[in-house]
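First up is the structure itself, then whatever we jot down about it.
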Amino acid sequence: MTRIAVAGASGLIGSALVRSLAGDGHEVLRLVRREPRAADEVRWDPKGGEIDASRLAGCEAIVNLAGAGVGDHRWTAAYKQEIRDSRVLGTTVLAEAAAALPEPPRVFLNGSAVGYYGDTGARAVDESAAAGDGFLPGVCVEWEAATAPAHQAGIRTVLARTGLVVSRDGGAWGKLFPLFGFGLGGRLGDGRQYWPYIALHDHVAALRHLLDTESLAGPVNLTAPHPATNREVTAAMGRVLRRPALFPVPAPVLRTVLGEMAGDVLGSTRAVPTRLLESGFDFAFPGLEDAIRAA
């Protein structure tokens, strides 16, 4: 049995990871921003830079998946700051706490996103690609850099650059399922933009693979092997849910409704999981329809 601390344990991915780890008998400490209500909860204040580091003693791994939802609100200046601070400040607190432990964890697994690459058009990118331009790439660069204290302390530090998680319960796909279920789905813009998706089941399995694979450090793309275009996503959702997908949303409408965030919805990131595949990871749901059916 291994002791593992998880920040962001109440989110879509974090809650699924906690269930998976606990189901296999691991002791999981959940970091919470309120007063703890259970013995397995540890209070922390990522913005205030506070955490009871003594409670992390004995952890073999620290997993940080905390961060404000990118698509939860319109991107006002204040919310963009929240997106950035919730990631960078929280990561800094945890990385410094891990580095200061008398017996540091063997692995620090930190969230990141394929938004690091920005708009790549039809060009496929793996972990060797440089950061793109714009708000989200800038956030990802700072987010990953905040893990430096853990890395400098000799802790194996892994950056999980996550794609769009296919689930009915949250994230971008959580908004798509009801629309398509009512027959109101359709392509976004011209539909040619690539969406680097991954089934929730595979994402959790990949996180556990990253925890267990000693040879993996640095950035790792958590996406299915073959990114799909928005047109292909639209067609697959229609087929799986047996609903028409006849309501495209033109780019100008998206820009009016979403503001600056529309640029990322319409942008294309053709990210591929080179390092994950090379390390021997096997996808249970590698295909788009497989992932949608699994959800």
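Could you tell me whether the range 163-205 comes out rounded, prolate or oblate from its Cα gyration tensor? Rule is a ≥ b ≥ c as square roots of the eigenvalues, rounded for a/c under 1.5, then prolate if a/b exceeds b/c, otherwise oblate. Oblate. Principal-axis analysis of the Cα atoms of the chain puts helix 77-100 at an angle of about 30° to the longest axis.
Summing +1 for each Lys or Arg and -1 for each Asp or Glu among the other residues whose beta-carbon sits under 10 angstrom from that of Asn230 gives +1.
Once you sort the root eigenvalues of the Cα gyration tensor of the range 65-108 as a ≥ b ≥ c, which label holds: rounded (a/c under 1.5), prolate (a/b larger than b/c) or oblate (the other case)? Since a/c reaches 1.5 and a/b is larger than b/c, the shape of the range 65-108 is classed as prolate. Of all DSSP bridge pairs formed entirely within the chain, close to 10 percent run antiparallel.
Computed extension length for Ala148-Lys47: 34.6 nm, one decimal, from 0.36 nm per residue of separation with the Cα-Cα distance subtracted. Model label sites at Arg19 and Asp169, defined 7 Å from Cα along the beta-carbon direction, differ in position by 0.3 nm.
Between 0 and 90 degrees, the angle of helix 12-23 with respect to the longest Cα principal axis of the chain falls at about 50 degrees. Between Ala284 and Arg74, full extension at 0.36 nm per residue minus the direct alpha carbon distance yields a gain of 72.2 nm.
Remark: the chain carries 44 Å² of accessible area per residue (probe radius 1.4 Å; ligands, DNA and RNA excluded). Can you match P(r) over Cα pairs in 10 Å bins from 0, in percent to one of these, (i) 6, 28, 36, 21, 7, 1; (ii) 6, 25, 28, 20, 14, 7, 1; (iii) 7, 27, 33, 25, 8, 1, based on a calculation from the structure here? It is the value labelled (i). Scattering from the range 62-192 was approximated by placing one identical point on each alpha carbon and applying the Debye formula without solvent; log10 I(q)/I(0) at 0.13, 0.15, 0.18, 0.20 1/Å stands at -0.65, -0.83, -1.08, -1.22.
With Cα atoms defining each centre, the range 16-57 and the range 116-163 are spaced 25 Å apart in the structure.
Quick one: grab the alpha carbon gyration tensor of the range 96-153, order the square roots of its eigenvalues as a ≥ b ≥ c, and give me rounded if a/c is under 1.5, else prolate or oblate depending on whether a/b is larger than b/c. Since a/c reaches 1.5 and a/b is larger than b/c, the shape of the range 96-153 is classed as prolate.
The values are calculated or read from the model by the stated rules, or taken from the named source; none is laboratory data. As the structure is a computational prediction, the values presented were derived from the model and not from experiment. All Cβ positions, even for glycine, are placed from backbone atoms using ideal geometry, and neighbour counts span all protein chains on display. Surface accessibility is based on the protein's heavy atoms, side chains included, excluding ligands, DNA and RNA. Shrake-Rupley method; radii C 1.70, N 1.55, O 1.52, S 1.80 Å.
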